[in-house]
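The values are calculated or read from the model by the stated rules, or taken from the named source; none is laboratory data. Everything quoted here is computed from the prediction, not taken from an experiment. In this analysis, Cβ positions are derived from the backbone assuming ideal geometry, glycine residues included, and neighbour counts consider all displayed protein chains. Side chains included, ligands, DNA and RNA excluded: accessible areas come from the protein's heavy atoms. Shrake-Rupley method; radii C 1.70, N 1.55, O 1.52, S 1.80 Å.
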Amino acid sequence: MPSKERDIPLRDHPAPTGPYCSFGGSLGDDDLLKTIHHHLLSFLGRDPMRAGNREIYKALAYTVRDFLIERWVKTQKDFYAHNRKRVYYLSLEFLIGRSLGNSLINLGLYDKVAGVLEQMGYDLDEVREEEEDAALGNGGLGRLAACFMDSMATLGIPAYGYGIRYEYGLFYQRLLDGFQVEHPDNWLRYGTPWEYDRPWNLYPVKFHGRVHRYHDAEGKLRHEWVDTSEVMAMANDILVPGFRNDSVINMRLWSAKASRELDLISFNRGDYVAAVQSVVESETISKVLYPSDDIREGQELRFKQQYFFVAATFQDILRRYKKQHGTDFGRFTAEIAVQLNDTHPAIAIPELMRLLLDEEGMTWEDAWGICVQTFGYTNHTLMPEALETWAVDLFHRVLPRHLEIVYEINRRFLEEVAALYPGDEERLRRMSMIDEGPVKKVRMAHLAIVGSHSTNGVAKLHTHLQKTRIFNEFYEIYPQRFNNKTNGVTQRRWLLKSNPGLAALITESIGGDWVTKLEFLRNLESLAGNRSFQRRWLAVKRQNKQRLAALIKSDCGVAVDPDSLFDVQVKRMHEYKRQLLNILHIIIHYQRLVRGERQEAPARTVVFAGKAAPSYAQAKLIIKLINSVGETINRDPRVADRLKVIFIPNYGVSLAEKIIPAADLSEQISTAGTEASGTGNMKFALNGALTIGTMDGANVEMCDEIGRENMFIFGMDADQVEAVRRDPLRTPETVYQNNQEVRAAVDAITAGEFSRGDTALFTPIVRALLSPDDPYLFLLDLEDYLRCQEEVDREFLNRTGWARKSILNVARMGKFSTDRTIREYAEEIWGIKV
Ligand code: IMP
């Protein structure tokens, strides 16, 4: 077992020089070549003359690591030297994707490396394809965390991402007869060159046990958590470089290791196999990412994952703090800000309380003051059923002391509420951190709001709905705590890297400042009407579409026309995101074409991709329906050159980077009031796709920026959605009865036209569409969606008009950079000047 962390006094000895040791200064092609050769030979044991793309990728990754680590050490020393306030971003998910291309770009090495590889006879684009995606997240929330890391590094913020190093990331999706089949994502099978093991950053994490109460020497009541079982948390760092600023920060991801004591107990009893078994069991904590997005699964292992990473993180935070300040907690809130990415890490609130009360001996009032000032909480959902709760029984069994602390936090909070609203028992019941229903549960969102000084939504509409709907009673009590931080995306990955053609055209036209100041894209506005610029703009789009067409041919076996309208919906499969609305439009469009109508419409290629949570039967059935409809349409000669429907399997970051630059139309069609923000919507618009969307999430703000005339907005807004839910006369059934086209489409599904005559297969979908209680209002928004899609067809035929709108979309996306988002977090929540 490695020794415990030692903070060795820094020694100042000169760094050795030589071909592999220092990349501080400028770097010649020759040095680069030598270093790649060195890694091939010494680390990988390959003859440099006989290496394949995979080995070259690894050798190159190790070369880039050399650059990163030098800059990381310097950056960290700088944080110490200037005694900077640290930001800890706690997230159960970091959807990183690939690192090589991004690091090369941010380090300013991309072209140089491409040139050196070419000399060696390799193609950098091909070599990059060898990298496995680090899919340590489900969707928006995890990718946001990864974009935040890029922006925090670029802005030079002393930030650390903390999470879990899952051995298996989000499952690999295959299609079998159009059904989703999940396979394990064994991304670490061959190791990853991007992580540094930190065996000396090793902390014990306790579970189970009981609370021992006693009076200390001064007669004070103290609590001790005893008879616990223990798992060790070992740090692995993944380094994140800023854009050409020499700043490198890290994500510290914890992996579970068996505690030595645990295996020794059984071992000493002579039961060797049980000893090994217990090792395996304790290491399962960091084995696998839970594959659910916006749906709750109350498993104990997930709860343990949450506490595991929080407990390790706080030991690390306190170690770093104490190194400078000892046990004087007077400067804690001046030096530390902790952001909770959703409630997944909210157990940090009672954990910090426990540390300050039980381990540091602080009073409740002092500890609570520190706690509230330290934490900020980001809420990511509007759907009450997606808010996280944990059964009190489970909580008690796994974290008995934390449950006591939650009860005490709640008792004090409810006293406050009762004083403000005397006699209002119902309110106390609603606001309590404990749901007193048949199964008692802890409401993590209530704990997070009360235990932090800031609760933010992720788009203006989302924050407004937090204040007026889901959290309105909390807003009444703590109006100053609620604030909005509209999400963004990093343009380094989502334009510069993913769309080099468009990035080059933009830079040639307006200069490269947009890479760190996205608002500079405004300068494109004056070119929006310029014919020759429009032609070049469309030519880049066409190239991207050709590339995607080749991918579709090879992955799905279908030939698609790059001149057709690429209509794209890629995101998690979820009823509220309404892939079903899209498929209903496709069926109706198909039936019109077959009847000889809509012959003037442009040819369309409708592209879907996305994973469904393995336990989410309805979402999985929607995947099957898309594939079934696609199969029927794609082999129908009557529409052969008019319509194609494609489902690309295994959606993830790297696939998104290929699909998004090729889209003409971006489908952002959730039921208004359900999507907190969306960030896919931003990536598409930034790459020149026009959006067809509802007034939901960040679409609303995109519309404010881009102008309604440059988007395709349809459907009910959030208020109309609420009103229609209460209107007995507007039901799905009335639409079905009154609109012949809608009826024909639904009936075709029912009749088994897309399921080889199987009339039972899609019954749950038809039932959902026609249900008077359909929460997603598919049929109630369908007619306006159809109207809007016809408008899309018309506009697409006007190539100059379309190009103009596409350019204006990109020009007006300046607000949606995570650089802006992070600046707002830093200045308004974390108290850091950027
Ligand atoms: P940590 O902040 O203790 O996790 O250490 C991260 C890195 O920061 C170390 O590897 C050192 O390079 C640097 N570092 C750690 N402690 C100090 C310090 O006291 N002064 C300057 N640099 C430090």
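Within the bounds of the stretch 411-431, is there any residue that is within 31 Å of the chain's Cα centre (by Cα) and of a type in the set (D, E)?
Within the stretch 411-431, not a single residue is within 31 Å of the chain's Cα centre (by Cα) and of a type in the set (D, E).
Restricting the search to the stretch 535-586, which residues are open to solvent by less than 10 Å² (accessible area, probe 1.4 Å), in contact with a strand residue (DSSP E or B) (Cβ under 7 Å, 6 or more places away or on another chain) and either at pLDDT below 95 or in a loop (DSSP other than H, G, I, E, B) (or both)?
Within the stretch 535-586, S564 is the sole residue that qualifies.
Just checking, does the stretch 471-478 include any residue being modelled with pLDDT of 95 or more, of a type outside the set (S, T, N, Q) and assigned to a strand (DSSP E or B)?
no
Quick one: which of G652, G610, G680, G693 is closer than 21 Å to G488 by Cα and out of contact with any helix residue (DSSP H, G or I) (no Cβ under 9 Å at 6 or more places or on another chain)?
Checking each option against the conditions leaves just G652.
Mind checking which residues of the stretch 500-524 are open to solvent by less than 60 Å² (accessible area, probe 1.4 Å) and within 25 Å of V700 (Cα to Cα)?
W514, V515, T516, L518, L521, L524
Could you please let me know if D30 is modelled with pLDDT under 95, outside any helix (DSSP H, G or I), of a type in the set (D, E) and open to solvent by 70 Å² or more (accessible area, probe 1.4 Å)?
no
Kindly indicate whether D342 is away from the ligand (no atom under 16 Å from the Cβ) and at positive phi.
The answer is yes for D342.
Applying the selection to the stretch 388-417, what residues are touching a Leu at 6+ places or on another chain (Cβ under 6 Å) and either without any contact (Cβ under 8 Å) to a residue 40 or more places away in the chain or at positive phi (or both)?
Correct list: H396, L414.
Looking at the stretch 218-247 only, could you name the residues that are over 15 Å from Y162 (Cα atoms) and buried (at least 21 other Cβ atoms within 10 Å of the Cβ)?
V231, M232, P241, G242, F243, S247
Six or more apart or on different chains, Cβ under 7 Å: which pairs go from a residue in the stretch 316-333 that's open to solvent by 40 Å² or more (accessible area, probe 1.4 Å) to one that's near the ligand (Cβ under 10 Å from one of its atoms)? Could you list them?
Filtered contacts from the stretch 316-333: R319/E5; K323/D7.
Within the stretch 356-376, how many residues turn out to be open to solvent by less than 10 Å² (accessible area, probe 1.4 Å) and either farther than 18 Å from T455 by Cβ or among the aromatic types (F, W, Y) (or both)? Walk me through it before giving the result.
To start, the set of residues in the stretch 356-376 that are open to solvent by less than 10 Å² (accessible area, probe 1.4 Å) comprises 356, 367, 371, 374-376.
Among the residues that remain, those that are also either farther than 18 Å from T455 by Cβ or among the aromatic types (F, W, Y) (or both) are: 356, 367, 375.
Number satisfying all stated conditions: 3.
Quick one: would you say N138 is within 15 Å of the ligand (Cβ to nearest atom), assigned to a loop (DSSP other than H, G, I, E, B) and either open to solvent by 40 Å² or more (accessible area, probe 1.4 Å) or of a type outside the set (F, W, Y) (or both)?
No; evaluated as a whole, the condition is false for this residue.
With the checklist (1) open to solvent by less than 10 Å² (accessible area, probe 1.4 Å); (2) outside any helix (DSSP H, G or I) in hand, flag the one item M716 doesn't pass.
With respect to (1) open to solvent by less than 10 Å² (accessible area, probe 1.4 Å); (2) outside any helix (DSSP H, G or I), M716 is out only on (1).
Failed condition for E132, given (1) away from the ligand (no atom under 16 Å from the Cβ); (2) buried (at least 23 other Cβ atoms within 10 Å of the Cβ), with all others met?
If we test E132 against (1) away from the ligand (no atom under 16 Å from the Cβ); (2) buried (at least 23 other Cβ atoms within 10 Å of the Cβ), just (2) comes out false.
So if I check each of Q339, Q324, which one is out of contact with any Lys or Arg (no Cβ under 6 Å at 6 or more places or on another chain) and closer than 18 Å to G163 by Cα?
Q339
How do the strands (runs of 3 or more DSSP E) wholly within the stretch 146-213 filter down when requiring 3 or more residues that are at pLDDT below 95: which remain?
195-207
Given the structure, is I285 within 16 Å of the ligand (Cβ to nearest atom) and modelled with pLDDT of 95 or more?
Against the criterion (within 16 Å of the ligand (Cβ to nearest atom) and modelled with pLDDT of 95 or more), I285 does not qualify.
I want to confirm something. Restricting to the stretch 171-217 and keeping residues that are open to solvent by 30 Å² or more (accessible area, probe 1.4 Å) and within 19 Å of R98 (Cβ to Cβ), which single residue is farthest from the ligand (Cβ to nearest atom)?
Here the residue is Y172.
Scan the stretch 65-77 for residues that are more than 7 Å from the ligand (Cβ to nearest atom), within 17 Å of M251 (Cβ to Cβ) and open to solvent by 30 Å² or more (accessible area, probe 1.4 Å) and jot them down.
Result: R65, I69, R71, W72.
Cβ contacts < 7 Å: first residue part of a helix (DSSP H, G or I), restricted to the stretch 61-74; second residue within 13 Å of the ligand (Cβ to nearest atom), any location; separation 6+ or different chain. Result?
L68/L239; L68/V248; I69/L239; R71/V248; W72/L239; W72/V248; W72/N250
Give the residue that is nearest to the ligand (Cβ to nearest atom), with candidates limited to residues of the stretch 78-94 that are closer than 14 Å to A146 by Cα and part of a strand (DSSP E or B). Show your work before the answer.
Start the filter on the stretch 78-94 by keeping residues that are closer than 14 Å to A146 by Cα, which leaves 88-94.
Remaining after also requiring part of a strand (DSSP E or B): 88-90, 94.
Working: Y88: 12, Y89: 15, L90: 16, F94: 18 Å.
Within the stretch 78-94, the match that is nearest to the ligand (Cβ to nearest atom) is Y88.
Considering only residues that are out of contact with any Asp or Glu (no Cβ under 9 Å at 6 or more places or on another chain) and open to solvent by 60 Å² or more (accessible area, probe 1.4 Å), look in the stretch 46-64 and name the one that is nearest to V116 (Cα to Cα).
Filtering the stretch 46-64 for residues that are out of contact with any Asp or Glu (no Cβ under 9 Å at 6 or more places or on another chain) and open to solvent by 60 Å² or more (accessible area, probe 1.4 Å), the one nearest to V116 (Cα to Cα) comes out as M49.
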